[in-house]
């Protein structure tokens, strides 16, 4: 590494000099290159985005591309005098203006007068105004006419972090390009390139900590890297990075979350004690813990978390191992407690106690059965449907008899479930004899789906929307509406493998799962459980409405008050 007196910081030394070096902004690079190749270069551009994502660097690359002595191409040569002058900031035809310090109307008038003259030795006079939103209203007004009809030899490039502060009249006269926050893997990749060029020994976990400190800004990440190099020299360790940058050790987050899910209250309090001893800010630690739980929730909720989470591949693999088979609902309940604790810590003088109480409560939470699952079981029992599996606390108890419904002082018999007259091979009961080692195996399609929901709610929620076409020993055939989300999800190999394993767990028999496309609302296909539930709910509501409207007390109330029934709700 350079140790001379004229040390150049990494953010300047490794500033992108071509479009291909511009990390994370490929959509902008490709659009500008295509415009240059096709000769459709606008007279005014507006670059917007967060700090340190490449707005000013892109403006300089664009200026070099337009004024390069080798011709207007989609990449500058960076060796001709024009490119070198623009890179050094000494070009007489490229003006870089700070909008914060040159924001008056007189500054804009001087600029407007100067651009009338032809460039001294370039193709274009290029005006780059950084933080253009800082210009005053009068300055914007003075710029309007020139911006709409500039001389042919002038190009404007504006950069801002706050585009909402620009007048609409300015926005309508510019081609706008929105720069994205640079993703964590791209920042890590760029830091790795720089570390190799600087002969620095550092592992990927340390680079991930540095990149995360940048929060999507390449410049901030390089500044943090510079700081770490000044502290550590050419050999960087995770401990040194965490000490210098004040970041929380990812291992501590993993250990603390494991203690929470295992109900280890001793481990929870010991983890908080370690956080306090290291000197981390308790609220910052709480926020990083919230982000950690959020990552776990996303991993357990979606099939492709890498498309959502801004994490390195190694970190994503570690989180997958931590998430294991935890239910998303359990993670969400604990995440809610941490979010509430974060809001309370903003005004508290004892933040450690608040986060300790929140984590203890999270560790002592008992698993719950989803309310919808309980409601579905009760409705199946009331309707006299095929026997559903017992609830966890009902093991060994006889199933209760279906109760009679009592409403408004009258006793009404609940209509018993009547099997359909047409053959329904999809709801055939698997013989108990075929499952000798599993006497409590679920019977019928409804029972099997209830069993799957209890084991894997994600798979069960999809099966609920499938029509049982055939169900027999060793074979389950399910139909889903053509071109539906559920058909696409059910055809996934992981889904079919999950249903096969659950079918074997339920019946003890290796079962083939077939997924077919069916015509929606076809008479040849039986209703799915979701459709049947919707139909039953509608029928029950109609019966209730009829019962309410014919009740003597309701009739008398309508007569006395001159009222009408607008809605009927069940609780």
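The values are calculated or read from the model by the stated rules, or taken from the named source; none is laboratory data. All figures in this text were calculated on a predicted structure; none of them were measured in a lab. All Cβ positions, glycine included, derive from the backbone under ideal geometry; neighbour counts span all protein chains shown.
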| Where in the range 266-365 are there helices (runs of 4 or more DSSP H), lying fully within it, with 3 or more residues that are within 25 Å of the chain's Cα centre (by Cα), buried (at least 20 other Cβ atoms within 10 Å of the Cβ) and without any contact (Cβ under 8 Å) to a residue 40 or more places away in the chain? | 282-301
| message | Only one of 505, 547 is out of contact with any helix residue (DSSP H, G or I) (no Cβ under 6 Å at 6 or more places or on another chain), in the same structural domain as residue 379 (by TED's automatic domain parsing) and touching a residue at least 40 places away in the same chain (Cβ under 8 Å). Can you tell me which? | response | 505
| task | Could you check residue 442 against (1) modelled with pLDDT under 85; (2) surrounded by fewer than 19 Cβ atoms within 10 Å (Cβ to Cβ) and say which number it fails? | result | (2)
| request: Looking only at the range 505-513, decide whether some residue is under 31 Å from the mean Cα position of the chain (by Cα), surrounded by fewer than 17 Cβ atoms within 10 Å (Cβ to Cβ) and in a helix (DSSP H, G or I). | output: no
| Which one of 59, 63 is under 29 Å from residue 165 (Cα atoms), in contact with a helix residue (DSSP H, G or I) (Cβ under 7 Å, 6 or more places away or on another chain) and at pLDDT 90 or above? | 63
| note | Picked from the range 459-494 (must be touching a strand residue (DSSP E or B) at 6+ places or on another chain (Cβ under 6 Å) and assigned to a loop (DSSP other than H, G, I, E, B)), the residue surrounded by the fewest Cβ atoms within 10 Å (Cβ to Cβ) is 482
